[in-house]
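Asker: I'd like to ask you about the structure that follows.
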Amino acid sequence: MNPTYPGGVWPVMLTPFTEENRVDEAALEKLVDWYIDRGVDGLFAVCQSSEMFFLSFEERVHITELVVRFAAGRVPVISSGQVSEDLSEQVREVEAIWKAGAAAVVLITNRFAKENESDEVWFSNLSRLLDAVDPSIPLGFYECPYPYKRVLGPELLRRCAETGRFYLMKDTCCDAQMLREKIAAIEGTPLRLYNANTATLLDSLQAGAAGYSGVMANFHPELYVWLTRHFQDSPEQAGLLADFLTIASFIEHKPYPVNAKYNLQLVGIGNTLMTRTRPASDLNETNRSEVRQLKELSDAIAQHLEASL
């Protein structure tokens, strides 16, 4: 029987760190509860927002285990951590993340070929991995922008979907027409597309995307939950909300993920702004004010939407 995964909102999780630059397990547990309390449908642990390229193999596995434990079956947890280019290491990573309890193991699309190499080279290398890992392990894709973005076109995505091994796709193409083509290409397969881009989200939902899995679920996941659940029955409000969310998403181009960790501090999660990708000092007072104002406005909109139903 094929596994099924709910549509809706799947945050790309942050990793809280202590002042000693270790994973803050207490803050991570609070973070899992915060996402779930706001209605998310699943959690994507160990991804770029989690700073996966700056986590050790042991940390990637341990974080997956912790998130699965903290979620306690309330929502499914998927995880990546497949950061190697070497096949034997990739197999090791996939199997370890699966054993850690992930509901699916997400493959990073830029790990199977160099930026200048063809789709045929890419698919050949992917096929070697598929042959090497247990076929019962459910898999997904993530078009991670780092170290370069490998976007899968509709034909290649269909080819992958027809293997029957893939169930989730975190799409970062940020192109409304391509999204529609990709959604059409995987119709009738087990693969479902989750859009990471806010500006094209509503259009993609209307075209049949399964949901949202992006950065901004670390600021106001409840608004994305509302949009994914009500874009059909409340189209006018959904359109206005989508417009707001697009403008609000510009904040991800500021000092992310430091600003997202500051947002979490405002609700009592985490004691530091420590990241491994950039210094906390990048977040100046103006940036902090932007986060505070966004939170106040988001909270007000959430209250209004709740009262309108």
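The values are calculated or read from the model by the stated rules, or taken from the named source; none is laboratory data. Everything quoted here is computed from the prediction, not taken from an experiment. Cβ: placed from backbone, ideal geometry, glycine included. Neighbour counts: every protein chain shown.
Asker: For region 36-56, what are the residues that are in contact (Cβ under 8 Å) with a residue 40 or more places away in the chain, surrounded by fewer than 24 Cβ atoms within 10 Å (Cβ to Cβ) and more than 18 Å from SER80 (Cα to Cα)?
Answerer: Within region 36-56, ARG38, GLY39 meet the criteria.
Asker: Does any residue in region 4-33 that is on the phi > 0 side of the Ramachandran plot come within less than 9 Å, Cβ to Cβ, of a residue that is among the aliphatic types (A, V, I, L, M) and at pLDDT 95 or above six or more places away or on a different chain, and which pairs are these?
Answerer: From region 4-33, the pairs are GLY8/VAL40; GLY8/ALA210; GLY8/VAL225; ASN21/MET274.
Asker: Now for a different question. Could you look through region 257-309, keep only residues that are farther than 19 Å from PHE54 by Cβ and of a type in the set (Asp, Glu), and pick out the one that is surrounded by the most Cβ atoms within 10 Å (Cβ to Cβ)?
Answerer: If we take residues in region 257-309 being farther than 19 Å from PHE54 by Cβ and of a type in the set (Asp, Glu), then GLU290 is surrounded by the most Cβ atoms within 10 Å (Cβ to Cβ).
Asker: Still on this structure, please answer the following. Test ARG38 against the stated conditions and say whether it is closer than 19 Å to ILE78 by Cβ and at pLDDT 95 or above.
Answerer: yes
Asker: So, in region 94-110, of the ones that are of a type outside the set (A, V, I, L, M) and farther than 24 Å from GLY73 by Cβ, which residue ends up surrounded by the most Cβ atoms within 10 Å (Cβ to Cβ)?
Answerer: THR109
Asker: Determine the pairs where a residue that is more than 18 Å from LEU245 (Cα to Cα) and modelled with pLDDT of 95 or more, located within region 280-308, has a partner that is assigned to a helix (DSSP H, G or I) and of a type in the set (Lys, Arg) with Cβ atoms under 9 Å apart, the partner being 6 or more residues away or on another chain.
Answerer: ALA280/LYS261; LEU283/LYS261
Asker: Tell me which residues, restricted to region 6-46, are part of a loop (DSSP other than H, G, I, E, B) and within 15 Å of VAL68 (Cα to Cα).
Answerer: Those that are part of a loop (DSSP other than H, G, I, E, B) and within 15 Å of VAL68 (Cα to Cα): TRP10, PRO11, MET13, LEU14, THR15, VAL40, ASP41, GLY42, VAL46.
Asker: Here's something else I'd like to know. Among the residues of region 5-20, are any touching a helix residue (DSSP H, G or I) at 6+ places or on another chain (Cβ under 8 Å), among the small types (Gly, Ala, Ser) and either at pLDDT below 95 or over 14 Å from ALA103 (Cβ atoms) (or both)?
Answerer: Checking region 5-20: at least one residue is touching a helix residue (DSSP H, G or I) at 6+ places or on another chain (Cβ under 8 Å), among the small types (Gly, Ala, Ser) and either at pLDDT below 95 or over 14 Å from ALA103 (Cβ atoms) (or both).
Asker: Can you tell me which of (1) within 15 Å of the chain's Cα centre (by Cα); (2) within 17 Å of VAL133 (Cα to Cα) is the one ILE36 doesn't meet?
Answerer: Unmet for ILE36, out of (1) within 15 Å of the chain's Cα centre (by Cα); (2) within 17 Å of VAL133 (Cα to Cα): (2).
Asker: Does ARG229 satisfy being basic (Lys, Arg), over 16 Å from the mean Cα position of the chain (by Cα), part of a helix (DSSP H, G or I) and closer than 19 Å to PRO138 by Cα?
Answerer: Judged against the criteria, ARG229 is not a match.
A quick yes/no check of all residues on (1) within 22 Å of GLY268 (Cα to Cα); (2) of a type in the set (Gly, Ala, Ser):
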position: PHE17; (1), (2): yes, no
position: LEU28; (1), (2): yes, no
position: ASP33; (1), (2): yes, no
position: ASP37; (1), (2): yes, no
position: SER50; (1), (2): yes, yes
position: HIS62; (1), (2): no, no
position: GLY73; (1), (2): no, yes
position: VAL83; (1), (2): no, no
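Asker: Can you confirm whether GLU236 is more than 19 Å from THR15 (Cβ to Cβ) and of a type in the set (D, E, K, R)?
Answerer: yes
Asker: Tell me yes or no: at least one residue of region 226-242 is surrounded by fewer than 17 Cβ atoms within 10 Å (Cβ to Cβ) and of a type in the set (D, E, K, R).
Answerer: Within region 226-242, one or more residues are surrounded by fewer than 17 Cβ atoms within 10 Å (Cβ to Cβ) and of a type in the set (D, E, K, R).
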